[in-house]
1. Let me have the relative contact order for the chain, percent, based on Cα pairs under 8 Å that are six or more residues apart.
2. Two-decimal Rg/Rh of the stretch 111-199 from alpha-carbon positions, Kirkwood Rh?
3. How would you rank 89-96, 200-207, 108-115, highest first, on the average number of other Cβ atoms within 10 Å across their residues?
4. Given the pairs LYS31/LYS219; LYS169/LYS200; LYS101/LYS153; LYS48/LYS261; LYS31/LYS104; LYS104/LYS247, which are separated by over 24 angstrom at their Cα positions?
5. With +1 on the Cβ of every Lys and Arg and -1 on the Cβ of every Asp and Glu, and nothing else charged, how large is the dipole of the stretch 111-199 about its Cα centre, in debye rounded to the nearest 20?
6. For the stretch 142-268, what value does the Rg/Rh ratio take when both radii are computed over Cα atoms and Rh is the Kirkwood radius, given to two decimals?
7. Of ALA149, ILE92, ALA233, which is farthest on the positive side of the dipole of the chain, counting Cα position, with +1 on Lys and Arg Cβ, -1 on Asp and Glu Cβ, and the Cα centre as origin?
8. Take every Cα-Cα distance within the chain, group them into 10 Å bins from 0 onward, and report for each bin the whole-number percent of pairs it holds.
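Nothing in this text is a laboratory measurement; each read-out follows from the coordinates by a stated rule. Predicted model, so just to flag it, every value in this text is computed and none were measured. Backbone-built Cβ (ideal geometry, glycine too); neighbour counts: all protein chains shown.
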Amino acid sequence: MKKTVLFSGVLLLALTASGAETVLYRMDADKNAKKFDGGGTIYNKEAKSGQNCYIVRGRNRLMSMNKIKIQPDKKYRASFYVKAVGESPAQIFGGWICYDKKGKVIPSEAFHSVRNSLTEVTASAAKGDKIIKIKDGSKWKKGKVYQIAFNAKKDDSDLPNYTVYGFEKVEQKDGVWQITLQKPLAFDVARGTFVREHVKGGDFLFASNKVITPGEWQKIESIWYPGKYIRMASAVRLVLISNLDGKYKNSQILIDDLEMKMQGTNVEF
């Protein structure tokens with residue numbers, strides 16, 4: 001069973017000078033001495049700094065309590081310290097969950113597209129239909145993770161695009177490419193509508209993945225350029241996932257000094 005732990009942190013808002021870094025978020029176990037749902041607890045031994053750190057056992061999903069506002073033209077640095085204790089190695093993933101301007105989670109299928117898959121609908125489809133005829137499906141991939149996004153734009157200005165449907169197959173019949181949807185359309189689709197193939201992959205953007213053996217504290221750090229990956233995001237939550245693959249069921253991980261910083265200089269894309 002997936003468990004979610006919300007890390008309460010300190011949200012710091014400040015002006016930043018060009019080239020400098022500003023701390024936007026910091027997780028402080030000394031100031032947030034509470035037991036977290038899902039198994040994350042305060043641990044008052046072996047802290048990296050201060051008196052306390054966090055300890056998580058087995059598989060857990062750990063998420064910052066606060067949404068952190070971001071700008072697509074800035075560079076961000078997220079870092080935290082981890083230490084495996086006990087006899088078992090441990091695995092830790094780090095990354096972000098992104099939110100749009102309305103506060104809605106942006107899942108992978110809303111923005112992660114297949115290169116060169118943009119094409120046109122060649123025949124109108126009515127509400128309730130399951131067949132979509134398209135101009136060219138030669139670049140489309142097959143599999144359960146792939147979906148069709150409607151009302152796509154050549155300049156990607158439709159992203160994030162939440163009008164996505166899973167499909168059973170894409171094939172060429174009598175010289176015509178067609179897509180068979182998993183469920184009937186909930187709306188009419190006009191001829192000439194642009195569509196694009198997207199990839200379903202959950203709501204978590206991975207930035208780091210590390211297997212650690214019991215021993216000393218290790219710093220894990222990642223640099224993120226929102227404009228390069230998901231330029232439509234306006235806020236994020238930091239996410240840590242322990243033992244995602246289920247390989248280290250007896251793992252115990254200490255976590256301390258998690259923070260996110262914004263660099264003052266703009267990033268060109």
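1. 37
2. That ratio equals 0.91.
3. Final packing ranking: 89-96, 108-115, 200-207.
4. Beyond 24 Å: LYS31/LYS104; LYS104/LYS247.
5. The calculation lands at about 200 debye.
6. 1.09
7. About the Cα centre, the residue reaching furthest to the positive side is ALA149.
8. Spelled out per bin, shortest first, that is 7, 26, 26, 21, 14, 6, 1, 0.
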